[in-house]
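*Asks:* Mind looking over this structure? Questions follow.
The values are calculated or read from the model by the stated rules, or taken from the named source; none is laboratory data. Because the structure is a prediction, the values reported are computed rather than measured. Glycine also receives a Cβ, built like all others from the backbone with ideal geometry; neighbour counts cover every protein chain displayed. When the accessible area is computed, the model is the full protein with side chains, heavy atoms only, and any ligands, DNA or RNA have been set aside. Shrake-Rupley method; radii C 1.70, N 1.55, O 1.52, S 1.80 Å.
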Amino acid sequence: TQLLEQSPQFLSIQEGENLTVYCNSSSVFSSLQWYRQEPGEGPVLLVTVVTGGEVKKLKRLTFQFGDARKDSSLHITAAQPGDTGLYLCAGEPGYSTLTFGKGTMLLVSP
Amino acid sequence: DAGVIQSPRHEVTEMGQEVTLRCKPISGHNSLFWYRQTMMRGLELLIYFNNNVPIDDSGMPEDRFSAKMPNASFSTLKIQPSEPRDSAVYFCASSGQGWGYTFGSGTRLTVV
């Protein structure tokens, strides 16, 4: 089983703060995806990273794939209450199914 | 596009009863996945289909669980008999040629 460890498990911050969440594994992934899940809904894809060292930006969110394609980070600048949710990373070890981490629960207070 | 449609959204049933969860994937997507989400274990893959054929069912907990995909637009996950430990949120997702899965809104199952 390809295990993805996410940290921290929970994060509670004030609006306007910056934060970084991490996704780590001992295994190499052909691609890694980040999803956000809101209460009562399914996860929604934010981004896919494929190349080691790749950096992608989505407005205030910056995603990075590690050089060795074993880890990834998500950095949020100037967090807003609308960023609240469960952030999940998911890795594709080959060209098969996705393995998900348990997620980081982010709460951004006004 | 209506997205992935799951029904019912909530199901409460008594232990020992049969439960059937339903999913309509996005038209044109050729892969369909059933996941289960709990606080303790996160999202776990139960089974996935490619072009309506079950490819990997190694995540199905035991013989009480079964899944079918009779055509490209419909899949079911059945639990018979249900047990309290089956209580979880069950998600269906589909994917096409590109990256990423599209998830439904899930079915919250409570077995009492």
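*Asks:* Compute the projected area of the convex hull of the Cα atoms of the range A:1-77, averaged over all viewing directions, and report it in nm² to one decimal place.
*Replies:* Average of the hull's projected areas for the range A:1-77 equals 5.7 nm².
*Asks:* Right, something else. Just how far, in whole angstrom, is the range B:66-93 from the range A:33-86 if you go by their alpha carbon centroids?
*Replies:* So the separation of the two Cα centres works out to 29 Å.
*Asks:* Place a point 7 Å from the Cα of A:VAL50 along the Cα-to-Cβ direction; which residues of the range B:64-102 have their backbone N under 13 Å from it?
*Replies:* B:97-100
*Asks:* Hey, another quick one. How far apart, in nanometres, would the label points at B:TRP99 and B:ASN30 be if each is projected 7 angstrom from Cα along the Cα-to-Cβ direction?
*Replies:* Here the answer is 2.0 nm between the modelled labels.
*Asks:* Write down the accessible area per residue of chain A in Å², having rolled a 1.4 Å probe over the full set of protein chains.
*Replies:* Accessible area per residue, chain A: 48 Å².
*Asks:* Give me a single rounded figure for A:34-40: the average over its residues of other chain Cβ atoms within 10 Å of their Cβ.
*Replies:* 2
*Asks:* Round to a whole number: what % of the accessible area of chain A belongs to carbon and sulfur, probe 1.4 Å?
*Replies:* 51
*Asks:* Could you pull out every residue, at least 5 positions away or on a different chain, whose amide H is within less than 5 Å of the one on A:THR84? Hs are placed 1.01 Å off N in the peptide plane, and Pro or chain starts have none.
*Replies:* A:VAL108
*Asks:* Compute the length gained on full extension between A:THR62 and A:GLN14: take 0.36 nm times their separation in residues and subtract their Cα-Cα distance, giving the result in nm to one decimal.
*Replies:* Extra length available between A:THR62 and A:GLN14 comes to 15.4 nm.
*Asks:* Before we go on, tell me the buried accessible area for the A/B pair, both chains summed, 1.4 Å probe, in Å² to the nearest 100.
*Replies:* 1400
*Asks:* Sticking with the crude label model, points 7 Å out along Cα→Cβ, report the distance from B:HIS10 to B:ASN51 in nm, one decimal please.
*Replies:* Taking the simple label geometry, B:HIS10 and B:ASN51 are separated by 4.2 nm.
*Asks:* Still on this structure: Below 11 angstrom from the Cβ of B:GLN37, what's the summed charge of the other residues (Lys, Arg +1; Asp, Glu -1)?
*Replies:* +3
*Asks:* Rounded to whole Hz and in sequence order, give me ³J(HN,Hα) for the range A:10-27 from the Karplus expression 6.51 cos²θ - 1.76 cosθ + 1.60, θ = phi - 60°, writing x for Gly and Pro.
*Replies:* Calculated HN-Hα couplings, in order: 9, 8, 10, 9, 8, 3, x, 6, 9, 8, 9, 10, 10, 9, 10, 8, 8, 9 Hz.
*Asks:* Next question, about the same structure. In the range A:17-110, what trypsin sites (Lys or Arg not before Pro) fall in a loop by DSSP, with at most 13 other Cβ atoms inside 10 Å?
*Replies:* Sites meeting the loop and neighbour criteria: A:LYS59, A:ARG60.
*Asks:* Would you grab the residues whose amide H sits under 5 Å from the one on A:GLU17? Only those 5+ places off in sequence or on another chain, please, with H modelled 1.01 Å from N.
*Replies:* Amide H neighbours of A:GLU17, under 5 Å, 5+ apart: A:ALA79.
*Asks:* Right, here's the next one. Quick one: which residues, 5 or more positions from B:ILE5 or on another chain, have an amide H under 5 Å from its amide H? H modelled 1.01 Å from N in the peptide plane, none for Pro or chain starts.
*Replies:* HN-HN under 5 Å from B:ILE5: B:LYS24.
*Asks:* Only Lys, Arg, Asp and Glu count, each charged at its Cβ (+1, +1, -1, -1), so figure out the dipole size of chain B about its Cα centre, rounded to 20 debye.
*Replies:* 240
*Asks:* Hey, another quick one. Please get the size of the charge dipole for chain A, origin at its Cα centre, with Cβ charges of +1 on Lys and Arg and -1 on Asp and Glu, quoted in debye to the nearest 20.
*Replies:* 180
*Asks:* Okay, next question. Using label points projected 7 Å from each Cα along Cα→Cβ, tell me how many nm separate A:SER30 and B:GLU44, to one decimal.
*Replies:* According to this spin-label approximation, the distance is 2.6 nm.
*Asks:* Now a separate question. Each residue of the range B:65-79 in turn: what ³J(HN,Hα) in whole Hz from Karplus with 6.51, -1.76, 1.60 and θ = phi - 60°, glycine and Pro shown as x?
*Replies:* So the Karplus estimates, Gly and Pro as x, are 9, 8, 9, 9, 9, x, 8, 5, 10, 7, 9, 10, 10, 10, 10 Hz.
*Asks:* Size of the dipole of the protein assembly as shown about the Cα centre, Lys and Arg at +1 and Asp and Glu at -1 on the beta carbon, nothing else charged, in debye to 20?
*Replies:* 320
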